[in-house]
Amino acid sequence: MPNIASAKKRTRTTAKRTAVNHARKTRVRTYVRKVEEALAKGDRKGAESALRAAEPEIMRGVSKGVIHKNTGARKVSRLAKRVAKLPA
């Protein structure tokens, strides 16, 4: 347990940041899951709209430092490729 005031503040700050980051990461996963579900159904229109919603959310996660830049780009690329493969 920290005794110094700055260390106590640090633990409080870390707890808040952890909660925010966890929420952001969960949000990214939710949007990705929506695309995955539409892909599983074979619903091209639904998958495209879900991807349009998911892409900015993934990139927001990247800009906030929740996920790595290359990871975000890879996720978007792979999802887009799978959506494009769906029959029209």
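General remarks:
- Hz values of 3J(HN,Hα) by residue in segment 6-16 - Karplus curve (6.51, -1.76, 1.60), Gly and Pro given as x: 5, 5, 5, 5, 4, 5, 5, 4, 4, 4, 5
- Viscosity 0.890 mPa s, temperature 25 °C, Stokes-Einstein D of the chain from Kirkwood C-alpha radius, µm²/s: 169 µm²/s
- In sequence order, calculated HN-Hα J values of segment 76-88 (Karplus, 6.51, -1.76, 1.60; Hz; x Gly/Pro): 4, 4, 5, 5, 4, 5, 5, 5, 5, 6, 4, x, 5
- Label-to-label distance, nm, for residues given as residue 71 and residue 88 (7 Å Cα→Cβ offset): 3.7 nm
- Positive-pole candidate from 73, 39, 15, dipole of the chain, charges at beta carbon: 15
- Stretched out straight at 0.36 nm per residue, the stretch from residue 3 to residue 81 would grow longer than its current Cα-Cα span by 22.8 nm.
Every number here is computed from the coordinates shown, using simple stated rules; none is lab data. Note that this is a predicted model, so its numbers are computed, not measured. Every residue, glycine among them, receives a Cβ derived from its backbone with ideal geometry; neighbour counts consider all protein chains shown.
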